[in-house]
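K.L.:
One structure coming up, written as structure tokens, with questions to follow.
The values are calculated or read from the model by the stated rules, or taken from the named source; none is laboratory data. All figures in this text were calculated on a predicted structure; none of them were measured in a lab. A quick note on method: Cβ atoms are made from the backbone with ideal geometry, for glycine too, and the neighbour counts reach across all protein chains shown.
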2 protein chains.
Amino acid sequence: MAHAGEEKAVVVESREWYMAAYAPDGIPTSKHLKLRTVPVSLTADSIPEGHVIIETLLVSIDPYLRSRMTGVDEGLYFPQFNINEVLSATAIARVIRSRDSNYSEGDIVIIFFCPVSEYCVVPSQAISRKIDPNAGVSFPDYLSLIGLPGFAAWVGIDAVGEAKPGSNVFISAAAGAVGMYAGQLAKLKGCRVIGSAGSDEKVKLVKEFGYDDAFNYKKETDFDAALARYFPNGIDLYLDNVGGKMFEAVLNHVNKYATIPVCGMISDYNKVWTNREGVRNLLNMVGKEVKIQGYLVGTYMDRYEDFIKEMVSYKKQGKISSKYKFYQGIEQFLESLESLFTGSCAGKVLIQVK
Amino acid sequence: MAHAGEEKAVVVESREWYMAAYAPDGIPTSKHLKLRTVPVSLTADSIPEGHVIIETLLVSIDPYLRSRMTGVDEGLYFPQFNINEVLSATAIARVIRSRDSNYSEGDIVIIFFCPVSEYCVVPSQAISRKIDPNAGVSFPDYLSLIGLPGFAAWVGIDAVGEAKPGSNVFISAAAGAVGMYAGQLAKLKGCRVIGSAGSDEKVKLVKEFGYDDAFNYKKETDFDAALARYFPNGIDLYLDNVGGKMFEAVLNHVNKYATIPVCGMISDYNKVWTNREGVRNLLNMVGKEVKIQGYLVGTYMDRYEDFIKEMVSYKKQGKISSKYKFYQGIEQFLESLESLFTGSCAGKVLIQVK
């Protein structure tokens, strides 16, 4: 028998994306990722202690997600999704029921591994932090400017790349989420910054971000010639986001003690490794004493607060900006993910769920 | 008219190697490198002030020499030899006439860029240092244990690689001049060390140097399988001396925060870069946060004295040993150089000129 104060049972239909089949090669399709509808009870009594029911507001779509869908554990970022597992991504969500005294209905939270769904139940430990909707930082900025892409850019330029005033900086995928911040940060540090991007429209955007110049790598297909022209004094720092042929071309133009921070290689995510473009001129690293450093932002969490302060300060001074591409509705997950690899969007890709 | 004290003119025939034609591809042959005989006056009056006449005793044959013979300046170590220029290499020589008060007849000196010849005149600034024949360090050890290969090994393991007790260390070209010291140094630091080499005889030698184990990469051609077997706990430090396929295989077995110091890539020296084996799995650097660091020993000269002290101390305690391959006579330069790339010799290759 229902006791006093018991809620009336409410169950909603919630859509969620799950892994139907692995995609070792190529961009995942509806064969690999599928949407299904499940019932989710929205009553607090229906969930265990220490859990919350959330509704998802905004989902961050990042290239690393692709690496969890190959079925081959290359130890890249995070383990493979299991078959039938609901996909997870970083998201902003609203708590709608809580059985944890630290969280109340209406709280807005960030969850790093949030089920890609409309409604769901998560253990409260999955919540990264509560955010203050009135702090002057927009929800998209939480997932971008001071989220994963912003931090990846900051670590690459600052902590790993040690950009200095006057450094000649090259950034590939410059109109992407990491690239747009990386270029602006390098400019703020007094560097000369050139970017590459995949369309004239993106090149225009990159220049609006304050890059000294940029080129369309789909038109200037002789990367070696392009870099010779844009870097008459060589490259001191290359923030690599693409790998492959561009990486190789850069190694022909590096200066002494150049640094190449690598946080991802978007040209490689959709290929089995043996089919990837090989880099043939690593020997160039020797004479120039180049450092190539792979990094994950998790290793730099001790500098996270410095990063937040710096970015929020730049933002308040109007010194840094963001470009967003919003997909509407959870049903657009597949299209939004695909857009990262076809290069159809500029800036940070997000899904507006609510 | 000759004044008092003037020497009787003595002119000797001296053989020297010169660059006849560049060899962009393949191992240089007698088409590219030629021996000629020139007259050299051995009287002090015949040379300018600040110069010395030397006779060469021992020439160091190092793989980097190859990179000066391609005709293509890749900025690797040192500029290309000019056509008709006498080749130069690090050598130990005896001063036989001097017009510099800092040097006397009979002094034994090291010259980094010494003409590959029997007799020649050099500016005294070309002399790196005088050596004491009674200091307890043999001439070969000056060019190896405490010369370029020893220092390259020490910098790779210690300064760049930061080997720690218990580190899992892999060294390719382990029976080569750098490899033999690198493995011994890593063992002295308490690492577990595995080497690869190109013959069963070399594998045996490598084990005699104290490596925990070694394999013949010409027999175990599935490098991936070999590394999986020899490194069940992964690789923390790979001192790369070869590049290419072995480099790629290593990137499939690296541990978190692994370091790959690169001081040369012997598999690449005889190939135009576009014909080299590409490394296709650089993306593995990201998840494991691997550092690949190109280095030249010149950058670490501030630690040169520490290195010498350490190596001489190990030598005196019998804790480090060297294997030498001596070619007899300057005429063997071409064969000695070739041996570095065919893998026909183990240890440090030298020419005994006198």
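K.L.:
Name the residue, out of B:61, B:53, that is under 18 Å from residue B:127 (Cβ atoms), at pLDDT 95 or above and touching a strand residue (DSSP E or B) at 6+ places or on another chain (Cβ under 6 Å).
P.N.:
Values: B:61 fails: under 18 Å from residue B:127 (Cβ atoms).
Testing whether each residue is under 18 Å from residue B:127 (Cβ atoms), at pLDDT 95 or above and touching a strand residue (DSSP E or B) at 6+ places or on another chain (Cβ under 6 Å) leaves just B:53.
K.L.:
Scan the stretch A:36-45 and tell me whether some residue there is at pLDDT 95 or above and under 30 Å from residue A:178 (Cβ atoms).
P.N.:
no
K.L.:
Consider only pairs whose beta carbons are under 8 Å apart and that are at least six residues apart or on different chains; among these, list those whose first residue lies in the stretch A:334-351 and is at pLDDT below 95 and whose second residue is acidic (Asp, Glu).
P.N.:
A:340/A:62; A:344/A:338; A:346/A:201
K.L.:
Let me spell it out: the conditions are (1) in a loop (DSSP other than H, G, I, E, B); (2) within 16 Å of the chain's Cα centre (by Cα); (3) surrounded by fewer than 24 Cβ atoms within 10 Å (Cβ to Cβ), and residue A:174 meets all of them except one. Which number is the exception?
P.N.:
It fails just one condition, (3).
K.L.:
Of everything in the stretch B:19-65, what is under 22 Å from residue B:90 (Cα atoms) and either of a type in the set (Lys, Arg) or in a helix (DSSP H, G or I) (or both)? Give them in sequence order.
P.N.:
Result: B:34, B:36, B:63, B:64, B:65.
Condition check ((1) within 28 Å of residue B:286 (Cβ to Cβ); (2) basic (Lys, Arg); (3) in contact with a Pro (Cβ under 8 Å, 6 or more places away or on another chain); (4) crowded, with 20+ Cβ neighbours inside 10 Å) across all residues:
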{"position": "A:105", "(1), (2), (3), (4)": "no, no, no, no"}
{"position": "A:112", "(1), (2), (3), (4)": "yes, no, no, no"}
{"position": "A:122", "(1), (2), (3), (4)": "yes, no, yes, yes"}
{"position": "A:133", "(1), (2), (3), (4)": "no, no, no, no"}
{"position": "A:167", "(1), (2), (3), (4)": "yes, no, no, yes"}
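K.L.:
Follow-up question, since we're still on this one. Residues to consider are A:235, A:260; find the one that is facing chain B (nearest Cβ under 10 Å) and closer than 25 Å to residue B:160 by Cβ. Walk me through it before giving the result.
P.N.:
On the way: A:235 fails: facing chain B (nearest Cβ under 10 Å).
None of the others qualify; the one that does is A:260.
K.L.:
So, in the stretch A:328-348, exactly how many residues are out of contact with any Leu (no Cβ under 8 Å at 6 or more places or on another chain) and either aromatic (Phe, Trp, Tyr) or not assigned by TED's automatic domain parsing to the domain that holds residue A:36 (or both)?
P.N.:
Within the stretch A:328-348, residues that are out of contact with any Leu (no Cβ under 8 Å at 6 or more places or on another chain) and either aromatic (Phe, Trp, Tyr) or not assigned by TED's automatic domain parsing to the domain that holds residue A:36 (or both) number 1.
K.L.:
Among the candidates A:288, A:219, A:245, A:271, single out the residue that is of a type outside the set (A, V, I, L, M, F, W, C), out of contact with any Leu (no Cβ under 7 Å at 6 or more places or on another chain) and within 17 Å of residue B:74 (Cβ to Cβ).
P.N.:
On the way: A:219 fails: within 17 Å of residue B:74 (Cβ to Cβ); A:245 fails: within 17 Å of residue B:74 (Cβ to Cβ); A:271 fails: within 17 Å of residue B:74 (Cβ to Cβ).
Result of the check over A:288, A:219, A:245, A:271: A:288.
K.L.:
While we're here: Can you find, within the stretch A:273-302, the residue that is surrounded by the most Cβ atoms within 10 Å (Cβ to Cβ) among those that are at pLDDT 95 or above and more than 7 Å from every other protein chain (Cβ to nearest Cβ)?
P.N.:
A:300
K.L.:
With respect to residue B:259, determine if the residue is out of contact with any helix residue (DSSP H, G or I) (no Cβ under 8 Å at 6 or more places or on another chain) and either modelled with pLDDT under 95 or assigned by TED's automatic domain parsing to the domain that holds residue B:209 (or both).
P.N.:
Numbers: out of contact with any helix residue (DSSP H, G or I) (no Cβ under 8 Å at 6 or more places or on another chain): no; either modelled with pLDDT under 95 or assigned by TED's automatic domain parsing to the domain that holds residue B:209 (or both): yes.
Criteria not met by residue B:259.
K.L.:
Further question on the same structure: Could you count how many residues in the stretch B:238-257 are within 11 Å of chain A (Cβ to nearest Cβ), closer than 15 Å to residue A:294 by Cβ and β-branched (Val, Ile, Thr)?
P.N.:
1
K.L.:
Quick one: which strands (runs of 3 or more DSSP E) lie wholly within the stretch A:186-272 and hold at least 3 residues that are buried (at least 23 other Cβ atoms within 10 Å of the Cβ) and within 25 Å of the chain's Cα centre (by Cα)?
P.N.:
Working: elements: A:192-197, A:213-216, A:235-239, A:254-262.
Filter on the stretch A:186-272 gives A:192-197, A:235-239, A:254-262.
K.L.:
Just one of B:107, B:158, B:141, B:132 is under 30 Å from residue B:254 (Cα atoms) and among the charged types (D, E, K, R); which is it? So that I can check it myself, show each step before the final result.
P.N.:
Working: B:107 fails: under 30 Å from residue B:254 (Cα atoms); B:141 fails: under 30 Å from residue B:254 (Cα atoms); B:132 fails: under 30 Å from residue B:254 (Cα atoms).
Result of the check over B:107, B:158, B:141, B:132: B:158.
K.L.:
Scan the stretch B:62-77 for residues that are in contact (Cβ under 8 Å) with a residue 24 or more places away in the chain, among the hydrophobic types (A, V, I, L, M, F, W, C) and within 11 Å of another protein chain (Cβ to nearest Cβ) and report the count.
P.N.:
0
K.L.:
Among what's in the stretch A:217-251 and is closer than 24 Å to residue A:271 by Cα and of a type in the set (Gly, Ala, Ser), pick the residue that is modelled with the highest pLDDT. Walk me through how you get there before you give the answer.
P.N.:
Kept after step one, since they are closer than 24 Å to residue A:271 by Cα, are these residues of the stretch A:217-251: A:217-224, A:238-251.
Now drop any that are not of a type in the set (Gly, Ala, Ser), which leaves A:243-244, A:249.
Working: A:243: 88, A:244: 89, A:249: 96.
Across the stretch A:217-251, the extreme among qualifying residues is A:249.
K.L.:
Another question, if that's okay. Looking for something assigned to a strand (DSSP E or B) and touching a strand residue (DSSP E or B) at 6+ places or on another chain (Cβ under 6 Å) - is there at least one such residue anywhere in the stretch A:155-169? Write out each step before concluding.
P.N.:
Taking the stretch A:155-169 first, the residues assigned to a strand (DSSP E or B) are A:168-169.
Narrowing further to those that are touching a strand residue (DSSP E or B) at 6+ places or on another chain (Cβ under 6 Å): A:168-169.
Looking for residues that are assigned to a strand (DSSP E or B) and touching a strand residue (DSSP E or B) at 6+ places or on another chain (Cβ under 6 Å), one finds at least one in the stretch A:155-169, hence yes.
K.L.:
Quick check on my filter: what residues within the stretch B:265-317 are farther than 23 Å from residue A:257 by Cα and either touching a residue at least 40 places away in the same chain (Cβ under 8 Å) or assigned by TED's automatic domain parsing to the domain that holds residue B:27 (or both)?
P.N.:
B:270, B:271, B:272, B:275, B:308, B:310, B:311, B:312, B:314, B:315, B:316
K.L.:
Any residue at all in the stretch A:129-139 that is in a loop (DSSP other than H, G, I, E, B), out of contact with any His (no Cβ under 6 Å at 6 or more places or on another chain), over 25 Å from residue A:297 (Cβ atoms) and in the same structural domain as residue A:108 (by TED's automatic domain parsing)? Talk me through it step by step, then tell me what you get.
P.N.:
Narrowing the stretch A:129-139 to residues in a loop (DSSP other than H, G, I, E, B): A:132-138.
Pick out the ones that are also out of contact with any His (no Cβ under 6 Å at 6 or more places or on another chain) and you get A:132-138.
Going one step further and asking which of them are over 25 Å from residue A:297 (Cβ atoms), we end up with A:134.
Cutting the leftovers down to in the same structural domain as residue A:108 (by TED's automatic domain parsing) gives us A:134.
Yes, some residue in the stretch A:129-139 is in a loop (DSSP other than H, G, I, E, B), out of contact with any His (no Cβ under 6 Å at 6 or more places or on another chain), over 25 Å from residue A:297 (Cβ atoms) and in the same structural domain as residue A:108 (by TED's automatic domain parsing).
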